[in-house]
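Working notes, beginning with the structure itself.
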Amino acid sequence: MKTNRRQFIKIGALGTGGIALAATTHNWSFAADLVKKYVAGDTAGQRTATYCEVCFWQCAGWVYKDEDGEIQKIIGNEDDPHCNGRFCPRGTGGIGQYHDEDRLKTPLLRTKENGKDVFKAVDWDEALDFIAAKMKGIAEKHGPECIALFTHGSGGAHFGHLLKAFGSQSITAPSFAQCRGPREVGFLTTFGDIIYSPERTDIRDSKCLVLIGSHIGENMHNGQIQEMSDAIDKGATIITVDPRFSTAASKSKFWLPIKPSTDMALLLAWMNVLIENGWYDKDYVERYTYGFEELKAHVQPFTPEWAYGITTIDPNVIRKTAKEMFDASPAVIIHPGRHVTWYGDDTQRLRAVAILNALLGSWGRRGGFYNPEKANVPDFPVPEFPTPKRTPTEAYEGKYNLANEVVSNGICDATIPTPDKNCSFKMWMVNGTNLMAALPNQKQTIDAINALELLVVVDTMPVEITGYADVVLPECTYLERYDMLRKSPHREPNIAVRVPAAQPKYNSKPADWIAKKLAEKLGLDAFFPWKDMEELLDWQLKEIGSSLDEMKRIGVKKFPRTYDDLYFAPGEDVSFNTTTGKIELYSTDMEAEGFDPLPVYTPHEEPAEGFYRLIYGRAPMHTFSRTANNPNLTDLMDENTLWVNPKVAKLWGLEAGQEVKLKNQDGIISTFAIKVRITERIRWDSVYMVHGFGHNNKKLSRAHGRGINDTELITNVKVDPVMGGTGMRSNFVTFITDIYSTENEKKS
Amino acid sequence: MRYAMAVDTKKCVGCSDCVVACQTENKVPIGYCRDWVVEVMDGTYPQLEIEIRSERCNHCENSPCVRCCPTGASHYADGGVVLVTPDECIGCGACIASCPYDARYPHPDGYVDKCTFCLDNRVKKGLDPACVSVCPTKCMYFGDLDDPNSPVSKVLKKRKFKTLIPEAGTQPQLYFLI
Ligand code: SF4
Ligand code: SF4
Ligand code: SF4
């Protein structure tokens, strides 16, 4: 048996040598002065511009302090198109990230003490010297491209810059292959463009919004929930397809309680109805699309009656909802969703969604999908990055050619050397993403980590991935630092600034400081020619006619659109960025790669007797691991519950509030137990829980052992051959009611 | 002047932003809240209905809490807003027992606390209460019922509404649009 080189260390397990050091905070005058300069004189009533980091929506807001100079509240910036002056609960509770006393406080280095792995508290110099020496060694022996960065959030810009300067382009975010990747590729192959983030959905002017498994209102993607509410006010029809009676379903005119995993059949039937009845935008289809005749012939057999047997949705409802969509067109949105890695044929399902939108002519139309534009902000001039010997996609050569971003699980898998392939990733840097909860198939992740020479984790909280690290670097929260300008595409190009409202607590540091300091130790100073973030931002802002001073005052700045209109003009000649220059109903890219050029229905695995499909989602007050220990947000919700249909509960004799463990189809048993919530809101063939709970690090005092981590039960992963997405909805669980039985202890 | 609030149950998604915003604005200690969210579900799968309500003190026109307060700490302030003066409150809890809506809680500092409609810290400065101004669905309306142009007057004219436990005779000033 292979022994694990790497023992999981709970952050609490500090070696004795470390304890004394941990108490003394090593002060770096550089960062401290820089922050002090701004924070000085900041008294109650004054506000500091920031943008939120609790989720990717990055709403811009103002941080206010109380009379004692302590951060008290965060309020949305009225001028910000991402939030219109209103934060979501997570953003409002974002102050909890700053106040959380369980935060990572000082750099930690893995070391041995009496044959046991422990973390030793070290100062920043020692931690960064250690990393720099290792990186140089790896670069010499294997090449700099053997270092990969997994990132989520604002730190990625700083560490990504460092990695590129060092000679690696292996930069990846689980938000692609574990989340929204299939929709980007599905739309890219159809319309030649992606959905972007924030989504380009013109919900506020939509007359019909179709949600397929997308639970807006439980996912608090701010602009979308605000616009959905506006649309409700204006009388828009909402159609929700979900096996669960979601909050959105409860606001909908039509709820289609679909049998899980059969969405493709419904989408094909809708196409069939639209085309058979002539309920599509003929002019648009003729002018802009490619392959209509093929599509028409293809969907001809997929009648609502055919779909009924698969989806359990009444054929009349399929027809009626199709008519609603057509009547609202082109102000209709078949929403592409966000977390769409479900069954492994997800890109094809999102192609079907894209095709429906094309038939209804909603792309490029008011109330459909608008053309977003991004503010054009120049980069601070730096020398040209070295060309890496190997591109990241070589890690999964010959596969996922249509992926438009780096596939995280592709990097993870390639880290484990096989006889025919040794991509020799020797080091990972992981920033702002708890890979133990983000990547399915934990065993694979741990195997990959064990093949590494160095794992560096940069985070604010002792999330599980820190336990596998060789070095843990405590970054400060977004309220204590500058970051790069936010410049996401939107209706109007705009930028937002993040300015520190307080000094970094404990011995934590801003990500930009960590990257720059490490760069200096690697001799990469030339790539970080700015004195500090203030100089960098001020330079960028002056290039576009603003300044850091101005941005500190206003927080958000909008610019006029320059290159295109928000919508297509009637009859406008539009060329799309696809092979044919048209909207490809029939995808030539898919065909060239050997995939079905038109989406087909494939039946997916079904639960065995006594098992239920594990469905997971979001709660409005949490963003997964990131908020799991936040004192303000755990106050609202501190554990997930297992939604069980009353029929199922009766069958198993389950009572409301009873704790159960879960066992999946592969015999994996959950570490912790979860409370049963008996509710009619879930189908009898499925159970549901909110993702992001069940943390097993005791140092997360509010999150430890609260509920179940669904990721540990997701071991049957259906990889999308088109873009590498990890389909996670083919996992089935059964109940273990005797939670204290030793037989049911988790085997490790 | 008669301050009142309306909450649109058709738009509220139960996100609890109103709860957090109140906590941070009014420094409500963690573990306590002045407003909260109620979700009522009805039916069997797949014939289901949910009503979601953001609830708080109803600032009743005929408040049992004010009536039963032995020290006068609970009182009517401007616009009929029911307030507690912490200095005068002896923490006896009579008001907590008398409120049919469970709107009050014992503050760890020894007095009874509850929603103030953010009267002094926001409304008198021309701002909406914290919950109203943060709500991402914009489902809350606040203002003076005596002013026909206030958002709350306008929406109550346009929409069907209800109050909670009207039979208690408290004349609540928190309206739910249905
Ligand atoms: S949607 Fe909420 S959590 Fe996300 S950035 Fe906006 S306020 Fe923050
Ligand atoms: S903030 Fe608004 S939508 Fe959210 S629970 Fe409160 S009232 Fe409802
Ligand atoms: S809701 Fe309760 S606390 Fe508020 S005024 Fe009425 S009785 Fe008093």
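Within 30 Å of A:Arg351 (Cα to Cα) and buried (at least 20 other Cβ atoms within 10 Å of the Cβ): is that true of A:Leu209 in this structure? Steps first, answer last, please.
Details: within 30 Å of A:Arg351 (Cα to Cα): yes; buried (at least 20 other Cβ atoms within 10 Å of the Cβ): yes.
For A:Leu209, the condition - within 30 Å of A:Arg351 (Cα to Cα) and buried (at least 20 other Cβ atoms within 10 Å of the Cβ) - is met.
This table checks each residue for (1) surrounded by fewer than 20 Cβ atoms within 10 Å (Cβ to Cβ); (2) away from ligand 1 (no atom under 16 Å from the Cβ); (3) facing chain A (nearest Cβ under 7 Å).
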| residue | (1), (2), (3) |
| --- | --- |
| B:Thr24 | no, no, yes |
| B:Cys33 | no, yes, no |
| B:His59 | no, yes, no |
| B:Val66 | yes, yes, no |
| B:Thr85 | yes, yes, no |
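Here is the figure for the stretch A:173-200: residues that are closer than 20 Å to A:Ile583 by Cβ, crowded, with 22+ Cβ neighbours inside 10 Å and either of a type in the set (Val, Ile, Thr) or in contact with a Gly (Cβ under 7 Å, 6 or more places away or on another chain) (or both) total 6. In summary, A:Trp255 fulfils each of the numbered conditions (1) more than 20 Å from A:Thr623 (Cβ to Cβ); (2) touching a Lys or Arg at 6+ places or on another chain (Cβ under 8 Å); (3) within 14 Å of chain B (Cβ to nearest Cβ) with the single exception of condition (2).
Looking at B:Ser74, B:Ser54, just one residue is more than 14 Å from chain A (Cβ to nearest Cβ) and modelled with pLDDT of 95 or more, and that residue is B:Ser74.
Of all residues in the stretch B:126-178, count the ones that are of a type outside the set (A, V, I, L, M, F, W, C), within 14 Å of chain A (Cβ to nearest Cβ) and either within 16 Å of ligand 1 (Cβ to nearest atom) or farther than 10 Å from B:Asp8 by Cα (or both).
Initially, the stretch B:126-178 is screened for residues of a type outside the set (A, V, I, L, M, F, W, C), giving B:126, B:128-129, B:133, B:136-138, B:141, B:143-144, B:146-151, B:153-154, B:157-160, B:162-163, B:166-167, B:169-173, B:175.
Subsequent filtering for residues that are within 14 Å of chain A (Cβ to nearest Cβ) retains B:128-129, B:133, B:136-138, B:141, B:151, B:154, B:158-159.
Subsequent filtering for residues that are either within 16 Å of ligand 1 (Cβ to nearest atom) or farther than 10 Å from B:Asp8 by Cα (or both) retains B:128-129, B:133, B:136-138, B:151, B:154, B:158.
Count: 9.
If you go through the stretch A:76-91 and pick out every residue that is touching a residue at least 24 places away in the same chain (Cβ under 8 Å) and more than 7 Å from ligand 1 (Cβ to nearest atom), you end up with 7. Of A:Gly143, A:Gly160, all but one fail to be surrounded by fewer than 22 Cβ atoms within 10 Å (Cβ to Cβ) and touching a strand residue (DSSP E or B) at 6+ places or on another chain (Cβ under 6 Å); the exception is A:Gly160. Checking the stated criteria, B:Val123 turns out not to satisfy the condition of being within 16 Å of ligand 2 (Cβ to nearest atom), away from chain A (no Cβ under 14 Å) and buried (at least 17 other Cβ atoms within 10 Å of the Cβ). The residue pairs whose first member lies in the stretch A:47-66 and is under 10 Å from A:Arg498 (Cα atoms) and more than 13 Å from chain B (Cβ to nearest Cβ), whose second member is in a strand (DSSP E or B) and within 16 Å of ligand 2 (Cβ to nearest atom), and whose beta carbons are closer than 9 Å, counting only pairs six or more residues apart or on different chains, are A:Ala49/A:Gly61; A:Thr50/A:Gly61; A:Thr50/A:Ile74; A:Tyr51/A:Gly61; A:Ala60/A:Gly76.
If you check B:Pro148 against the conditions, is it buried (at least 16 other Cβ atoms within 10 Å of the Cβ) and assigned to a loop (DSSP other than H, G, I, E, B)? Spelling it out, it is not the case that B:Pro148 is buried (at least 16 other Cβ atoms within 10 Å of the Cβ) and assigned to a loop (DSSP other than H, G, I, E, B). Taking the stretch B:1-22 as the range and being at the interface with another protein chain (Cβ under 7 Å from one of its Cβ atoms) and in contact with a Ser or Thr (Cβ under 7 Å, 6 or more places away or on another chain) as the test, the residues that pass are B:Lys11, B:Val13, B:Gly14, B:Asp17, B:Val20, B:Ala21. The test for being within 14 Å of chain B (Cβ to nearest Cβ) and hydrophobic (A, V, I, L, M, F, W, C) holds for A:Val241. Taking first residues from the stretch A:294-307 that are of a type in the set (Asp, Glu) and partners that are surrounded by 12 or more Cβ atoms within 10 Å (Cβ to Cβ), the Cβ contacts under 7 Å between residues at least 6 apart in sequence or on separate chains come to A:Glu294/A:Tyr586; A:Glu294/A:Leu598; A:Glu305/A:Pro315.
Is there a residue in the stretch A:394-406 that is of a type in the set (Gly, Ala, Ser), under 29 Å from A:Met264 (Cα atoms) and free of Cβ contacts under 8 Å to residues at least 40 places away in the same chain? Among the residues of the stretch A:394-406, at least one is of a type in the set (Gly, Ala, Ser), under 29 Å from A:Met264 (Cα atoms) and free of Cβ contacts under 8 Å to residues at least 40 places away in the same chain, which makes the answer yes.
So that you can scan it fast, the table gives a plain yes or no per residue for (1) within 16 Å of ligand 2 (Cβ to nearest atom); (2) under 14 Å from the mean Cα position of the chain (by Cα):
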{"site": "B:Gly31", "(1), (2)": "no, no"}
{"site": "B:Thr44", "(1), (2)": "no, no"}
{"site": "B:Asn58", "(1), (2)": "yes, yes"}
{"site": "B:Asp102", "(1), (2)": "no, yes"}
{"site": "B:Pro106", "(1), (2)": "no, no"}
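Just one residue in the set B:Tyr175, B:Tyr105 is within 16 Å of ligand 3 (Cβ to nearest atom) and crowded, with 22+ Cβ neighbours inside 10 Å; that residue is B:Tyr175.
When A:Gly115, A:Gly143, A:Gly153 are checked against the criterion of being free of Cβ contacts under 8 Å to residues at least 12 places away in the same chain and small (Gly, Ala, Ser), A:Gly115 stands alone in meeting it. Residues in the stretch A:168-190 that are more than 22 Å from A:Val241 (Cβ to Cβ) and either of a type outside the set (S, T, N, Q) or within 16 Å of ligand 2 (Cβ to nearest atom) (or both): A:Ile171, A:Ala173, A:Pro174, A:Phe176, A:Ala177, A:Leu188. Would you check if there is a residue in the stretch A:353-365 being among the charged types (D, E, K, R) and farther than 25 Å from A:Phe576 by Cα? Scanning the stretch A:353-365, I find no residue that is among the charged types (D, E, K, R) and farther than 25 Å from A:Phe576 by Cα, so the answer is no. Annotation: of all residues in the stretch A:79-109 being surrounded by fewer than 24 Cβ atoms within 10 Å (Cβ to Cβ) and at the interface with another protein chain (Cβ under 10 Å from one of its Cβ atoms), the one that is nearest to A:Thr201 (Cα to Cα) is A:Asn84. When A:Lys112, A:Lys116, A:Lys36, A:Lys73 are screened for being closer than 23 Å to A:Leu485 by Cα, surrounded by fewer than 18 Cβ atoms within 10 Å (Cβ to Cβ) and either away from every other protein chain (no Cβ under 13 Å) or modelled with pLDDT of 95 or more (or both), only A:Lys36 passes.
The values are calculated or read from the model by the stated rules, or taken from the named source; none is laboratory data. Predicted model, so just to flag it, every value in this text is computed and none were measured. Because the Cβ atoms are built from the backbone with ideal geometry, glycine has one as well, and the counts that use them run over all protein chains shown.
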